[in-house]
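Everything below concerns the one structure shown next.
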Amino acid sequence: MKKSGVIVIIAAIILTLGCSSTKMNSDKMSGNLNELVSIMQGNYSSEAHSKRDTSYFNISLRMVPIWKNKGHYLYVEQAMFSKQDKPYRVRIYKISQRADEFVSEIYTLKNEKEWIGKWKTPLAFDALSENDIELKSGCEVVLQRTAKNKFIGQTGLKSCPSELRGARYAMSKVTVTENEILSWDQGFDQNDVQVWGAEKGGYEFIKY
């Protein structure tokens, strides 16, 4: 066989192996994204945490998948456990991947009162359009997969604006595992002094 023919065969093998490796990496990332979305969804409470430390409240957290034909979206309600019909936080999270990172973008709903309690019937959100939600720019949480069924991440440094209780910006640190979410939300003023949020550490939400 001529030398040029050998070179062509080797090049073809390398190209084939490269394509195969790229596909494997793509499939792996897609699998990790599905893993993250799967373990995030569910009903949670911080009841156990509130009993161990009375400085923490018993909070209800619900995350339900919606818009399955559009990507990975979760409808989120957070409320005092005793007042679940009056959530203080109503959001939609869009989960996507960016290289080896996973991004949870945060959206508010323009008419959020109309959607409270709709987690019971997720198909109802098919009537909600992307024009009815608004991105909280700079408030996305970027996560890394550190082990099977474990993702750790946070918002950018001073990137998420907040005006709650005199705050200038908010920061969130999140750890997601198969049956628990550790979430630490804090607000800071222009002098980097904390003005709202837990002070000792994040809330421990257990799936039930």
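The values are calculated or read from the model by the stated rules, or taken from the named source; none is laboratory data. In this text, all values refer to a predicted model and were calculated from it rather than measured experimentally. All Cβ positions, even for glycine, are placed from backbone atoms using ideal geometry, and neighbour counts span all protein chains on display. We work out accessible area using only protein heavy atoms, side chains counted, and drop any ligands, DNA or RNA first. Shrake-Rupley method; radii C 1.70, N 1.55, O 1.52, S 1.80 Å.
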Seminar exercise, completed: Beyond 28 Å (Cα-Cα) in this structure, taken from Lys51/Lys86; Lys118/Lys200; Lys113/Lys148; Lys70/Lys200; Lys113/Lys136; Lys86/Lys150, we find Lys118/Lys200; Lys113/Lys148; Lys70/Lys200; Lys86/Lys150
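Give the peptides 120-133, 158-171 in descending order of average Cβ contacts within 10 Å, highest first.
158-171, 120-133
If packing is taken as the average number of other Cβ atoms within 10 Å across a peptide's residues, how do 38-46, 67-75 rank, most packed first? Don't skip to the end; give the middle numbers.
Working: 38-46: 18.7, 67-75: 16.2.
For the peptides 38-46, 67-75, the packing ranking is 38-46, 67-75.
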Seminar exercise, completed: Measuring from the longest principal axis of the C-alpha atoms of the chain, the long axis of helix 3-40 (C-alpha) lies at a number of degrees, nearest 10, equal to 10
For this session: Can you send over the carbon and sulfur percentage of the accessible area for the chain, probe radius 1.4 Å, protein chains only?
Result: 53
Problem set entry | Accessible surface, per residue, of the chain when the full set of protein chains is kept, probe 1.4 Å, Å² | 59
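Give me the compactness ratio for the chain, meaning the Cα radius of gyration over 2.2 N^0.38 Å. Let's see the in-between values first.
Values: Rg = 21.3 Å, N = 208, 2.2 N^0.38 = 16.7 Å.
Taking the Cα Rg and dividing by 2.2 N^0.38 Å, one obtains 1.27.
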Exercise. Rounded to the nearest 500, what is the chain's calculated 222 nm mean residue ellipticity when only DSSP H runs of at least 4 contribute -39500 (n - 2.57) each, over all residues?
Worked result: -7500 deg cm²/dmol
